[in-house]
1. Using the Cα atoms as the points, what is the convex hull volume per residue of region 166-212 in Å³?
2. Taking one equal scatterer on every alpha-carbon of the chain, how large is log10 of I(q)/I(0) by Debye at q = 0.16, 0.18 1/Å?
3. In percent, what relative contact order does the chain have, based on Cα pairs under 8 Å that are 6 or more apart in sequence?
4. Lys and Arg at +1, Asp and Glu at -1: add these up for the other residues within a Cβ distance under 13 Å of Ile98 and post the number.
5. What does the charge add up to near Val123, with Lys and Arg as +1, Asp and Glu as -1, over the other residues with Cβ less than 13 Å from its Cβ?
6. Running a GNM on the chain with Cα contacts under 10 Å, which residue among Ser31, Ser108, Ser179 ends up with the highest mean-square fluctuation?
7. Would you mind checking which residues have amide H under 5 Å from Val165's amide H? H placed 1.01 Å from N; only 5 or more apart, or other chain.
8. Kindly state, as a whole number, the per residue volume in cubic angstrom of the convex hull around the alpha carbon atoms of region 50-151.
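Only the coordinates and a few stated rules stand behind these numbers; no lab work does. The model shown is predicted, which means the values in this text are computed figures rather than measured ones. Cβ: placed from backbone, ideal geometry, glycine included. Neighbour counts: every protein chain shown.
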Amino acid sequence: MQFDLEKAPASVTYRLLIGLVTPRPIALITSMNEAGRLNAAPFSAYNYFCTDPPIVGIGVTDRPGEEFVPKDTARNIRRTGEFVVNVVTEDIAEKMNICATDFPAEMSEVEIAGFTTTPSQKVRPPRLAEAHAALECREYTTMEIGRSRIILGRVVAIYVDDRYVDPAGPYIRAEELHSVGRMNGLGNYVRTRDAFITIPRIPYEEWKKNRQ
Ligand SMILES: Cc1cc2nc3c(=O)[nH]c(=O)nc-3n(C[C@H](O)[C@H](O)[C@H](O)COP(=O)(O)O)c2cc1C
């Protein structure tokens, strides 16, 4: 099948792209409004883009059914300039999903999901105590693109549970962290437990030798 995205409705484009750019890491973002009200929501249009400086990016669409009205996460980050990316692992995946429900403003998705919070090192929004790793970020810039916003955040501090750090690198013991990835918009995710394959990078000299 071929699709012309210059003619396709936005919903078709969305379904195709989120099923093809996979698996995606999930940022469960905690942010606060000006009054200090805590918000948590997951975003899989997410990755790091560089490490020097350390920049992560998140794509946030408008609120469903409303045009040019940002989701609370994007609004909070624009107003207060800080957020925390809580890394989503298997053990908190169900709770993460609850945070994606559009609860009325007076209901706290953090409490409903059964998360608790703990202070961050450098930013005002707390991290989730149940998350094994978290990236504390300050807004670097926000680009308004059509009906979406791409938020770039500079990572200013990182928390990782000692169990998941090999101090030699330091490296992350990724095969033990069990992060999950999002596969499409149908509620499908992948586990990374037992799913590791190791493909070492090949130095050119070694590649030449092996061809002889
Ligand atoms: C796993 C997962 C990933 C999601 N990724 C995104 C995303 O990348 N961008 C987006 O705008 N919404 C995404 N959503 C939907 C938001 O989480 C949802 O709209 C949420 O209610 C927004 O909350 P907020 O208004 O408190 O920011 C995702 C939902 C789930 C379950």
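1. Dividing the Cα hull volume of region 166-212 by its residue count gives 142 Å³.
2. With no solvent term, the Cα-only Debye profile gives -1.15, -1.41.
3. Reported relative contact order: 22 percent.
4. Summing Lys/Arg as +1 and Asp/Glu as -1 gives -4.
5. Net charge in that neighbourhood comes out at +2.
6. Top of the fluctuation ranking is Ser108.
7. Amide H to amide H, under 5 Å and 5 or more residues apart or across chains, Val165 pairs with Arg173.
8. Value for region 50-151: 121 Å³ per residue.
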